[in-house]
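Notes for the one structure printed next.
Any read-out appearing in this document is the output of simple, stated calculations on the displayed coordinates, not a laboratory observation. From a predicted model like this one, the values you see are computed outputs, not experimental measurements. Here the Cβ positions follow ideal geometry from the backbone for every residue, glycine too, while neighbour counts run over all protein chains shown.
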Amino acid sequence: LACMKLEGPRSGGVKRCRRAAGVDRYEKWMVIIDGLNVGRAHGSVGWKSPLVPAAEISASGPLWKKPICGQAILQSVNDVMAKGHDVKVFLPQWVVEAPRPGTPDRRAYGFNDLIALAEKRNSDGSPMLELTPSMASDDHFFLEFATRYEAEGDYPVRVLSNDHFRKEVEQGNISAGWRDEHTIKYKFMHMPRSGLRLSTAPTLPG
């Protein structure tokens, strides 16, 4: 497998809080995963999912044309959960739902495992998978959720994505400062023994 290395956000130190077990631990986050961005980045730095044909991974072209790997998304979910955080993956419906007759099948490799995320719940009872309308911007949905959750929810919010969200900044939906503070950047790295896991700079608390 591989190691997903995360970089950011470049903000100050994290606070400590008291968990249910009565032990002081680092602050808990709601980590929102940009499913399309993470699922399409799996072919970089030597790690390639056995679920995805090698020819599709190596094909040149923009990121939005790359195949989507459910295994990469699921592993990032597992790693965030292992740190003690809540997690929510946002994906357009077409990533997991059967296409209409006569249209290309663009579903993720391993999409059945992604559907199973809808049955899993966070500590607040919310599902770990949110499907957005196929013809709408998934970025808009999860960034709107992030800003609303930060105002009303129980924990700070971070967004796992390498996207710069330029359109959302230009439209005034978020500020560049908010983006820089809340986005966790990542990359895949080949780690033969430890497998696919998350590492942040500064460290993802937990």
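Couple of notes before you dig in:
- Residues in region 153-165 carry Karplus couplings, in order, of x, 8, 9, x, 10, 9, 10, 8, 5, 9, 6, 8, 6 Hz; the curve used is 6.51 cos²θ - 1.76 cosθ + 1.60 with θ = phi - 60°, and Gly or Pro positions show x.
- FRET efficiency for Ala151 and Ala98, using Cβ-Cβ distance with R0 set to 41 Å, rounded to 0.05: 0.65
- Put a dot 7 Å past the Cα of Asn173, heading toward its Cβ, do the same for Ser123, and the two dots end up 2.8 nm apart.
- Spin-label pair Phe141/Glu27, simplified geometry with 7 Å Cα→Cβ offset, distance in nm: 2.8
- Summary of packing: across the peptides 124-130, 154-160, the per-residue average of other C-beta atoms within 10 Å ranks them, highest first, as 154-160, 124-130.
- Computed packing ranks the peptides 167-177, 103-113 as 103-113, 167-177, most packed first, by mean other Cβ atoms within 10 Å.
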